[in-house]
Amino acid sequence: MPPQLEVPVQYLKGVGPARAAMLQKAKIGTVEDLLNYQPFRYEDRSSFRLIDQLRVGEDALVEGEIAVCGNYSTPMKRVRIFELVVEDRSGALTVKFFNQPYLQRVLRNRQRLILYGQVRRDDYTLRPVLLNPEWELMDSSSEPAIHSGRIVPIYRRVGKLTTRSLRTIVYRALSQLQPDLQDPIPDRLLEKHGLPDRRRAWQELHFPSLPEERKREAFLQDLESGATPAQRRFVFEEFFLFHLGLQMVRRDRESLPKTRRIEINNRIREVVKGILPFHPTAAQKRVVGEIVGDLRSGNVMRRLLHGDVGSGKTIVALQAMVVVLENGFQAALMAPTEILAEQHFRTLSRFLRSTDYRLALLTGRVRGKRRREILEQIRSGGVQLVIGTHALLEAPVRFRDLGLAVIDEQHRFGVLQRSRLMGKGDQPDVLIMTATPIPRSLALTVYGDLDLSVLDELPPGRQPVETVLCSERDRNRVYELLKRELAQGRQAFVVYPLIEESDKLELRAAEEMTGQLREVFPGSGVGLIHGRLKGEEKDAQMEALRDGTIQILVATTVVEVGLDVPNATVMVVEHADRFGLSQLHQLRGRIGRGSHQGTCVLMTGDARSENAFRRLDIMCRTSDGFRIAEEDLEIRGPGEFVGTRQSGVPQFQFGNIVRDRRLLELAAEEARDHLARLTKGARGEVKDHMTRLADQWRSRFGLFDVG
Ligand code: ADP
Ligand code: MG
């Protein structure tokens with residue numbers, strides 16, 4: 001009986017309990033896991049060489065017969081050496097194996113042997129020699145050559161299992177595989193996209209068949225970059241199933257009926273219009289329409305609002321919240337920092353001045369009696385709009401009837417925190433806002449189960465921020481620029497990187513800079529704000545910035561997100577090369593929010609690396625957050641992409657969301673289409689299969705609890 005895919009590896013020939021345990025540690029439990037353990041590279045061992053043509057330094061593959069062989073020890077160092085001489089029709093070659101005396105029992109005279117390794121020059125004889133080459137007997141086993149004479153897979157070691165042992169085990173597993181495997185990708189799609197079926201793909205993944213000579217070079221390159229049909233098949237499979245899972249979560253949600261009824265009528269429209277001091281942009285109108293559509297629908301909203309920095313997300317959220325309030329439900333807005341929550345509280349209070357709504361601010365700093373009062377009012381419905389930080393997530397916070405939860409700058413929150421806020425009501429509608437300019441391929445992966453709205457237009461009158469790269473030598477020129485701007489009544493930020501809040505050295509640098517600026521600009525207020533300040537102290541600095549007592553605010557990256565000070569026109573970023581591009585984009589977004597021209601100065605040391613320069617230069621060339629994100633992704637890879645680690649970009653086994661972007665998008669499309677077909681036909685059996693798969697994926701990727 002041939003092994004099924006679910007059979008434990010232990011039952012494969014050549015894998016006993018000890019090896020099985022090693023494999024298990026690397027999460028290889030079943031035959032299927034083993035087959036999914038892909039080679040990390042390949043070697044072309046398809047062309048044999050004649051011994052008399054070997055050159056020192058080259059990799060060589062030779063086939064010959066053992067003429068003599070035996071063990072000996074070196075007299076001085078007592079190294080055990082098994083040495084043999086192999087002959088082919090052109091000549092003879094010496095081969096040495098160190099500390100492997102057991103070879104004497106395996107290799108004998110007159111056996112035919114294939115050897116693969118780098119040709120060295122022997123220290124003693126000065127003739128070519130192979131040291132510890134890979135070898136394979138030709139005549140003793142019934143199996144054809146698997147370690148040579150072909151393109152050979154190279155695996156990462158698993159415990160004590162070498163690439164060679166793994167190769168043998170995989171080879172056996174493949175040769176025993178049943179012919180009629182169920183394929184998770186429908187035949188229709190395999191055909192459409194020219195992908196091999198599962199069995200063939202595994203075969204080709206591990207033991208690629210050798211293309212004819214003239215196509216070999218190109219094929220090897222494809223292998224190296226993961227572009228062969230077999231490799232692409234597994235990437236597609238992974239993405240396809242992943243998206244099926246996402247789509248199914250989404251569909252489950254769509255069938256989740258809402259207990260609230262949200263209506264909109266002319267009176268409410270008037271109220272919403274009345275609170276805005278300016279005309280919304282066309283994009284803002286469109287997005288508000290999309291959100292209100294969700295609010296009124298019978299299904300719970302899970303919508304992501306993406307808008308670049310300064311695009312005006314706050315008033316979009318405000319309008320949505322007012323609609324909910326007008327229908328008699330509560331709304332909550334959660335921001336990642338106290339400063340930002342505080343700013344939102346101010347702004348929204350101002351916008352809602354003419355209404356009767358009661359707002360509350362709840363952060364970690366609100367304690368004691370005041371906190372008890374607010375909690376009570378949230379519970380009783382005495383306040384309708386609650387703005388806060390993570391403090392909103394604490395257990396004692398209970399709403400009377402939360403209708404809408406808005407999460408600002410979502411990339412700062414983990415998935416768990418998001419779903420905790422959602423648990424604060426009876427399936428509240430949720431709007432998630434982000435400025436992280438996330439490339440489409442990533443957005444599909446991280447937010448694939450959310451509906452997406454995009455604010456792709458800035459409010460009128462904005463002037464693009466000019467960005468310049470400067471080094472220490474230019475510092476005086478930078479100060480002159482500051483002087484000019486301050487003279488015109490504008491304000492400025494000077495930002496220092498602070499990797500950790502506890503980074504004392506960096507903090508000292510920021511403090512010194514503050515002192516220096518006070519000397520250079522004696523007539524101006526220079527403030528300092530950093531993460532270790534107490535809440536009240538931060539407030540005082542922000543307040544001073546807003547009322548103009550402070551003209552220059554030196555800050556660590558606490559100013560990064562959300563801050564809105566329209567009078568600030570200069571942003572100087574010290575050690576700009578230590579920031580990620582997306583972070584720089586966020587920082588730059590703090591200026592140019594009013595009608596005055598802004599300048600962003602990126603300071604670097606005099607000796608900046610080529611790479612750093614290339615990165616920063618992008619900032620000077622574009623202000624398009626999406627392009628910057630793409631570049632960031634290109635340069636740093638998905639793992640490093642700012643804000644994604646927390647948001648749970650899944651680690652794929654085959655797929656690489658940067659390299660395989662196109663395939664990711666294709667798989668998403670096909671998954672959507674496939675699911676639609678399935679539902680139409682309502683073929684229960686297929687659905688069960690899908691559900692099982694989706695469950696597996698859910699637990700594997702663990703990011704489906706977005707709600
Ligand atoms: P972000 O999308 O980065 O959160 P904000 O919501 O803070 O942006 O808005 C940035 C600035 O633009 C704020 O000062 C806001 O009052 C202003 N703003 C928003 N929408 C408009 C508009 N339609 N017309 C003019 N100013 C606007
Ligand atoms: Mg904002």
Looking only at the stretch 205-233, how many residues end up being within 21 Å of D660 (Cα to Cα) and out of contact with any Leu (no Cβ under 7 Å at 6 or more places or on another chain)?
12
Filter the stretch 115-138 down to residues that are at positive phi and surrounded by 20 or more Cβ atoms within 10 Å (Cβ to Cβ), then give me how many there are.
0
Among I635, I628, I618, I552, which is within 28 Å of the chain's Cα centre (by Cα), modelled with pLDDT of 85 or more and either within 16 Å of ligand 2 (Cβ to nearest atom) or not acidic (D, E) (or both)?
I618
With respect to D44, determine if the residue is more than 45 Å from the chain's Cα centre (by Cα) and closer than 30 Å to E217 by Cβ.
no
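For every residue, the table says whether it meets (1) surrounded by 18 or more Cβ atoms within 10 Å (Cβ to Cβ); (2) outside any strand (DSSP E or B); (3) in contact with a Gly (Cβ under 7 Å, 6 or more places away or on another chain); (4) of a type in the set (S, T, Y).
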position: I146; (1), (2), (3), (4): yes, yes, no, no
position: R156; (1), (2), (3), (4): no, yes, no, no
position: I169; (1), (2), (3), (4): yes, yes, yes, no
position: Q182; (1), (2), (3), (4): no, yes, no, no
position: G194; (1), (2), (3), (4): no, yes, no, no
position: F219; (1), (2), (3), (4): yes, yes, no, no
Scope the stretch 281-290; condition surrounded by fewer than 23 Cβ atoms within 10 Å (Cβ to Cβ) and of a type outside the set (G, A, S); matching residues
T281, Q284, K285, R286, V288, E290
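Being touching a strand residue (DSSP E or B) at 6+ places or on another chain (Cβ under 6 Å) and either on the phi > 0 side of the Ramachandran plot or away from ligand 1 (no atom under 15 Å from the Cβ) (or both): is that true of F329 here?
Numbers: touching a strand residue (DSSP E or B) at 6+ places or on another chain (Cβ under 6 Å): yes; either on the phi > 0 side of the Ramachandran plot or away from ligand 1 (no atom under 15 Å from the Cβ) (or both): yes.
In short, yes.
Out of R484, R490, R518, I need the residue that is within 16 Å of ligand 1 (Cβ to nearest atom) and either farther than 28 Å from A612 by Cα or not assigned by TED's automatic domain parsing to the domain that holds M571 (or both). Which one?
Numbers: R484 fails: within 16 Å of ligand 1 (Cβ to nearest atom); R518 fails: within 16 Å of ligand 1 (Cβ to nearest atom).
The conditions single out R490.
Filtering the stretch 221-243 down to residues that are among the polar types (S, T, N, Q) and part of a helix (DSSP H, G or I), which residue is farthest from D187 (Cα to Cα)? Explain how you work it out, then say what you get.
From the stretch 221-243, those among the polar types (S, T, N, Q) are 221, 225, 228, 231; that's our starting set.
Filter once more, so that each one left must be part of a helix (DSSP H, G or I): 221, 231.
Numbers: Q221: 28, Q231: 17 Å.
Step by step, filter the stretch 221-243, then rank; the result is Q221.
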How many residues does the stretch 256-290 contain that are outside any helix (DSSP H, G or I) and free of Cβ contacts under 8 Å to residues at least 12 places away in the same chain?
2
Applying the selection to the stretch 398-410, what residues are over 23 Å from E326 (Cβ atoms) and either outside any loop (DSSP other than H, G, I, E, B) or more than 16 Å from ligand 1 (Cβ to nearest atom) (or both)?
Q410
Within the stretch 299-316, take every residue that is β-branched (V, I, T) and in contact with a strand residue (DSSP E or B) (Cβ under 9 Å, 6 or more places away or on another chain) and give me the one that is nearest to ligand 1 (Cβ to nearest atom).
T314
For G312: the one exception among (1) more than 10 Å from ligand 2 (Cβ to nearest atom); (2) touching a helix residue (DSSP H, G or I) at 6+ places or on another chain (Cβ under 8 Å):
(1)
Please tell me if R89 is basic (K, R) and within 45 Å of the chain's Cα centre (by Cα).
no
Would the stretch 572-592 turn up any residue that is over 23 Å from A487 (Cβ atoms), within 16 Å of ligand 1 (Cβ to nearest atom) and surrounded by fewer than 23 Cβ atoms within 10 Å (Cβ to Cβ)?
yes
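If we scan the stretch 661-668, do we find a residue that is within 22 Å of R232 (Cβ to Cβ), modelled with pLDDT under 85 and within 17 Å of the chain's Cα centre (by Cα)? Talk me through it step by step, then tell me what you get.
Taking the stretch 661-668 as the starting set, the residues that turn out to be within 22 Å of R232 (Cβ to Cβ) are 661-668.
Retained after the next criterion (residues that are modelled with pLDDT under 85): 661.
When the remaining residues are screened for being within 17 Å of the chain's Cα centre (by Cα), the result is 661.
Yes, because at least one residue in the stretch 661-668 is within 22 Å of R232 (Cβ to Cβ), modelled with pLDDT under 85 and within 17 Å of the chain's Cα centre (by Cα).
Taking the criterion of being basic (K, R), within 10 Å of ligand 1 (Cβ to nearest atom) and modelled with pLDDT of 95 or more, would at least one residue in the stretch 286-298 satisfy it? Step through it out loud before you land on a result.
First, pick out the residues of the stretch 286-298 that are basic (K, R): 286, 296.
Next, only the ones that are within 10 Å of ligand 1 (Cβ to nearest atom) stay: none.
Within the stretch 286-298 (the criterion being basic (K, R), within 10 Å of ligand 1 (Cβ to nearest atom) and modelled with pLDDT of 95 or more), the answer is no, since none of the residues qualifies.
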In the stretch 196-217, the residues that are assigned to a helix (DSSP H, G or I) and either in contact with a His (Cβ under 9 Å, 6 or more places away or on another chain) or free of Cβ contacts under 8 Å to residues at least 60 places away in the same chain (or both)
R198, R199, R200, A201, Q203, E204, E213, R214, K215, E217
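Assess whether L392 counts as being part of a helix (DSSP H, G or I) and away from ligand 1 (no atom under 16 Å from the Cβ). Give the steps one after another, and end with the answer.
Working: part of a helix (DSSP H, G or I): yes; away from ligand 1 (no atom under 16 Å from the Cβ): yes.
In short, yes.
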Which pairs have Cβ atoms under 6 Å, sit 6 or more apart or on different chains, and link a residue in the stretch 391-405 that is at positive phi to one that is at pLDDT 90 or above?
none
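When you scan the stretch 71-114, how many residues do you find that are within 17 Å of S148 (Cβ to Cβ) and surrounded by 14 or more Cβ atoms within 10 Å (Cβ to Cβ)?
First, pick out the residues of the stretch 71-114 that are within 17 Å of S148 (Cβ to Cβ): 84, 86, 88, 93, 95, 97, 106-107, 111-114.
Cutting the leftovers down to surrounded by 14 or more Cβ atoms within 10 Å (Cβ to Cβ) gives us 84, 86, 88, 93, 95, 97, 107, 111-114.
Matching residues across the stretch 71-114 total 11.
The values are calculated or read from the model by the stated rules, or taken from the named source; none is laboratory data. What you are looking at is a predicted structure, and each value in this text was computed from that prediction instead of being measured. Note: ideal-geometry Cβ built from the backbone for every residue, glycine included; neighbour counts use all protein chains shown.
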